Every structure is written in C-alpha cells, then in structure tokens.
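Novice: Once you've had a glance at the structure underneath, I'll fire off some questions.
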C-alpha cells in the first residue's frame, strides 16, 4: 500500500491571524502535503505575508483570487494541480485547525481503496454536534424524504434538505453519506476536476452539496468519525448580511434541487414552501442573533 500524495487548497479572506494558525496545524501533520495552495480574496496583503512566512516550512503557493467566492477560489486552486502528481486534493477553510493525525487518517481511506470506489471523505468538525432528531423533526424528515431513518445523518432528500451525521450511524470510522461539507474535505483530484464547485457567489452556501452529490453519482462518500478538526469560525468577525445569506440559502437550495436532484414544478415548490415554514419555526424557537434578518431573507 503506497501512500497517495495529497495537496491542500485554502481559500483565504481577510483573516491573516486565522490563516497563520491554520498553516501551523498543517505544518504539524504527521503525513505532510505535497503542496499547499492559498487563493486569497482579501483586500489587503497581510494574508500574503503570512503565506510567505510559512514557505520555509511548507510547500506553499500563494495566488490572488480571480473572484471573491469560496467555491470559485477552491476551483482556482485545484485547477493548478496535476492529478497524477497529486491524486488527492483536500479543501479546508482558513479558520480550521487540524489535529496532527487528521490528514493521515483521511488519506489512508483512499490508500486502502484499491478499487477506487471512494470519491470523497469529510473530516469531523468538533464544534458541530448534531443530536439525533426528536419526534417532530423525524416526522417532518420522513414526510419530506418518503422513507424512515433513525437520524437522517448524511442524507440528502426532499427539496434538497441535507443533514450532517450524528456520528451514531455506524460503529466503524466511516459513515456513508449522500453529500459532504467543505469545511475540511478530501476528494480524488481527477473526480473533483471532472465536476468542480458550482459558480456560486461569495459565501457560496450549499456549494459543497452541489459538488459532492454529483460525485456521489459514481463514487462513495463518507464522513470520518475519528479524523477530526476544530473550526474557529473566524467568519463571525467578518461583516455579514444575514438577510442576504438567508436569501442565498433558499436560492442555492433551489439550484441544488434543480441541477442535481432534477426537481422542479409545483410539487417541488410546495415541498420547498413547507421547508421554509419549518425553518421559520426553528428560527422563532431559538431566536439567535440576527433572527429577524434570517426571517426576512427566508421569505424574500
């Protein structure tokens, strides 16, 4: 079993201190990357300075972003790779901290997959703790999905509803999934270059679903239970228009349903309307920061 080389692509935006901590965790990997490509959409040069400081310890390549879009920055970075020299590509946000064994655990899944059945593996994010759905949520998911499931973890169903795993779905390290998130995720490079992230703007909500569900048509996807990372969520320090983000969620959810799942027409619109009502109830129950803006975006 020969270890497969891998490269990392990091879309950077306005967070030089976070990027510095991210690269420190990459440098600590027991299985180091063949390349680290940073695609920077910042309005300043501080992220460039961080990247240049790490070039003595890491094979860092810095490029300015052609567009300020998480999806398009990832595409730009991956398209610099040769799939033969780097058969695996990993994408990670600029505010992620890896554990020293994270990349080794994920890449080993691909090393052992001599039949090339696995297309992608997502790393478990410590801060995201999804519990098993309660009675009402399970009833609602069954209504939208048309089938029963204990957690609906890793499933993509109904009007493009995607659920993270609870990590209780399997006794092993790998949890089979219909989609993968992009906080920290690895794909076979040739499969990724075949598909690419969609041309979503800015925050690019659900770009990960759009991509991974297309790869799932031909290859298996997994969430890894013990390959973990921390998400520092530096994005909270960036100015955010919560109304625009909520509006983007609905728009991109519609695109995933149409482009990937082939759903459209009155029946789909009715199911999406039901989901907007479900989301409204959830927002009103929690009333977190910016909940009024979220409701405005959901319904405009």
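The values are calculated or read from the model by the stated rules, or taken from the named source; none is laboratory data. Note that the coordinates shown come from a computational prediction; the quantities given were computed from them, not determined experimentally. Heads up, the Cβs are rebuilt from the backbone with ideal geometry, glycines too, and the neighbour counts pull from every protein chain shown.
Novice: Looking only at segment 57-80, decide whether some residue is buried (at least 18 other Cβ atoms within 10 Å of the Cβ), in the same structural domain as residue 13 (by TED's automatic domain parsing), without any contact (Cβ under 8 Å) to a residue 60 or more places away in the chain and out of contact with any helix residue (DSSP H, G or I) (no Cβ under 9 Å at 6 or more places or on another chain).
Specialist: Within segment 57-80, one or more residues are buried (at least 18 other Cβ atoms within 10 Å of the Cβ), in the same structural domain as residue 13 (by TED's automatic domain parsing), without any contact (Cβ under 8 Å) to a residue 60 or more places away in the chain and out of contact with any helix residue (DSSP H, G or I) (no Cβ under 9 Å at 6 or more places or on another chain).
Novice: Of 285, 247, which residue is touching a helix residue (DSSP H, G or I) at 6+ places or on another chain (Cβ under 8 Å) and outside the structural domain of residue 202 (by TED's automatic domain parsing)?
Specialist: 247
Novice: Take residue 10 and decide whether it is touching a helix residue (DSSP H, G or I) at 6+ places or on another chain (Cβ under 8 Å), in contact (Cβ under 8 Å) with a residue 40 or more places away in the chain, assigned by TED's automatic domain parsing to the domain that holds residue 195 and in a strand (DSSP E or B).
Specialist: Judged against the criteria, residue 10 is a match.
Novice: Condition first: modelled with pLDDT of 90 or more and surrounded by fewer than 16 Cβ atoms within 10 Å (Cβ to Cβ). Now tell me which residues in segment 221-250 satisfy that.
Specialist: Listed by number, the list holds a single entry, 226.
Novice: Further question on the same structure: Have a look at 188, 194 and point out the one that is assigned by TED's automatic domain parsing to the domain that holds residue 114, at pLDDT 95 or above and surrounded by fewer than 17 Cβ atoms within 10 Å (Cβ to Cβ).
Specialist: Result: 194 is the single residue among 188, 194 that is assigned by TED's automatic domain parsing to the domain that holds residue 114, at pLDDT 95 or above and surrounded by fewer than 17 Cβ atoms within 10 Å (Cβ to Cβ).
Novice: If you don't mind, there's one more thing I want to ask. Quick check on residue 175: is it touching a strand residue (DSSP E or B) at 6+ places or on another chain (Cβ under 9 Å) and either closer than 20 Å to residue 90 by Cβ or modelled with pLDDT of 95 or more (or both)?
Specialist: When the stated conditions are applied, residue 175 passes them.
Every residue, every condition in (1) buried (at least 24 other Cβ atoms within 10 Å of the Cβ); (2) out of contact with any helix residue (DSSP H, G or I) (no Cβ under 7 Å at 6 or more places or on another chain), yes or no:
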residue: 87; (1), (2): no, no
residue: 95; (1), (2): no, no
residue: 101; (1), (2): no, yes
residue: 104; (1), (2): no, yes
residue: 110; (1), (2): no, yes
residue: 117; (1), (2): no, yes
residue: 123; (1), (2): yes, no
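Novice: Scan segment 256-271 for residues that are touching a helix residue (DSSP H, G or I) at 6+ places or on another chain (Cβ under 7 Å) and surrounded by 14 or more Cβ atoms within 10 Å (Cβ to Cβ) and report the count.
Specialist: Summing the residues that are touching a helix residue (DSSP H, G or I) at 6+ places or on another chain (Cβ under 7 Å) and surrounded by 14 or more Cβ atoms within 10 Å (Cβ to Cβ) in segment 256-271 gives 7.
Novice: I'd like the full set of residues that are in contact (Cβ under 8 Å) with a residue 24 or more places away in the chain, surrounded by 16 or more Cβ atoms within 10 Å (Cβ to Cβ) and out of contact with any helix residue (DSSP H, G or I) (no Cβ under 9 Å at 6 or more places or on another chain), limited to segment 125-144.
Specialist: 125
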